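The values are calculated or read from the model by the stated rules, or taken from the named source; none is laboratory data. Since the structure is predicted, the reported quantities are computational estimates derived from the model, not experimental observations. When we count neighbours, we look across all protein chains shown, and the Cβ atoms used for this are built from the backbone with ideal geometry, even at glycine. Each accessible area value is taken on the protein alone, full model and side chains, heavy atoms only, with ligands, DNA and RNA left out. Shrake-Rupley method; radii C 1.70, N 1.55, O 1.52, S 1.80 Å.
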Amino acid sequence: MRGVIIAIALFLGIAVPGSFAAAAAAPAQVQALKITILSTMVADYGTRGEWGFSALVEADGRKLLVDTGLAPGTVLENAKALGIDLSDVKEVVLTHNHDDHTGGLLSLREALRAKNPRAMSRVHLASAAFASRPHSGAESNYLLQHRAEMEKLGIQFIAHDEPVELLPGLWFSGPVPRKFPERNWSGSGKLVLHGETMEDTIPEDSAIAINTAKGTVLLSGCGHAGVVNTMAYSQERVVPGRPIVALVGGFHLFQLKDERLEWTGRQMQAFGVKWLLGAHCTGFEAVYRLRQQLRLPREAALVAAIGSRYSLKDGITPDESGLTR
Ligand SMILES: [Zn+2]
Ligand SMILES: [Zn+2]
C-alpha cells in the first residue's frame, strides 16, 4: 500500500516525507561479496579435485557454505590448502540431496565442532531433499540414510519451500519451479513424495540469489532445475526485477545438445549475464561456447578450479595465485 501511495505521489510530483519513503525502503543489498570454490573437478596446486561441488560465500563479513562436496575430506583439505578457516561457518545450504553435494557435511561437522560448537550446525534445504529415493529395494538418498547420525552430531535441518532471506540481501530460493522444459536429471530415478512414487525430477533443487547494486549474483549447486528456470524464478520471485549479472557454480550444461545450449545462451544474454564461473556439471565446452555467444571477455567466463573466486570488487580470480590477471 505504501509503495502504491509513493508511486502515486511521485507520479503527481508530490514530495514524499523522508520517513514514509524509508518505510518502503529497497530490499537489502550485499556490498562486499566473495565466493570461493572448494569442491569441483579441476584442482589447483595442493588441492584435490572431485566430481562434486562446494563454495564458501562471504557476504558483508558473514559466511555461509553452499554444498559440501562428495568425499568426506575434500572440502576440509581444500580449505586448509587455501588457508581458509571454516570453523566460524555456522550456516550451511544444501541445494539438493545428491551425495556429490552433501557427502562432506558429516566430516565437516565432526572436524570443526571441537573448535566451535556451532560450526556447520544449521543446515538449510528444501523439504523434498529428505524424500525417499528407492533404488533396487534400498534407500539411495544419502541425506535420508545419514539424517539420524547428522542430527546426533548436533546438526539442525531447517526446511524452506519458499524464498527466504538467510543473510541481509542473500536469499535461498527454495524449490525452483520448472517453467521452461530444461530436463537436467537422469529420468530413471524414482522418488516417493506424499505417499506417491514418481519420476525423480529432484524437485527440491534450490539456488542462492544475492542482491547487489550491480544486479543478482546466482550461485547454483548442480542446476537440476535448469539455469533458465533459476534465473527466471530469481527475477520473478526471489530478487524481483533485477538483472542476473553473474552465474557461479554448477549449471548442468555439459550434456546439452548444441541448439539447447544456444537457447540457454540467448536467455542468459536477455537476463544480463556478464560473468560466468562454471564449476562442476557446467562443463568445459559449454563455458567456452557461452563465452563466445555472450561475447564475454576471457576473464569474465571461466571454468572454475578449486580456489577460483568471484567477487563483486574484482570479478573472477582464476586461482589462488591470481597470476593470470
Ligand atoms: Zn545432483
Ligand atoms: Zn552435482
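A few comments on the model shown:
- Accessible area per residue (1.4 Å probe, heavy atoms of protein chains only) ranks Ser132, Ser173, Ser140 as Ser140, Ser132, Ser173, with the largest value leading.
- Solvent-accessible ranking of Arg291, Arg178, Arg266, largest area first, probe 1.4 Å: Arg266, Arg178, Arg291
- Using a cutoff of 8 angstrom between alpha carbon atoms and counting only pairs six or more residues apart, the relative contact order for the chain works out to 16 percent.
- Each Lys and Arg contributes +1 and each Asp and Glu -1, all at the Cβ; summed about the Cα centre of the chain, the dipole is approximately 780 debye.
- In this structure the amide hydrogen of His135, modeled in the peptide plane, comes within under 5 Å of the amide hydrogens of Ser140, none closer than 5 places in sequence on its chain.
- Cross-link check: pairs Lys179/Lys214; Lys63/Lys190; Lys152/Lys313; Lys152/Lys190; Lys80/Lys152; Lys90/Lys190 evaluated at a Cα-Cα cut-off of 31 Å; pairs beyond the cut-off: Lys63/Lys190; Lys152/Lys313; Lys90/Lys190.
- In this structure the chain gives 44 Å² per residue of accessible area when probed at 1.4 Å with all protein chains present.
- Shape category assigned to segment 174-325 from the gyration tensor of Cα positions, a/c cut at 1.5: prolate
- Longest DSSP-loop-exposure-free segment, chymotrypsin sites (Phe, Trp or Tyr not before Pro), the chain, at most 14 other Cβ within 10 Å: 52-325
- Rg to Rh quotient for the chain, alpha carbon positions, Kirkwood Rh: 0.98
- Under 12 Å, Cβ to Cβ, from Val42 - net charge with Lys/Arg +1 and Asp/Glu -1: -2
- Across the options Gln267, Ala25, Val89, the greatest Cα extent toward the positive end of the charge dipole of the chain (unit charges at beta carbon of Lys, Arg, Asp, Glu) belongs to Ala25.
- Part-to-part distance (alpha-carbon centres) for segment 164-211 and segment 63-141, which is given in Å: 18 Å
- Calculated over segment 36-129: convex hull of Cα atoms, volume per residue (Å³): 87 Å³
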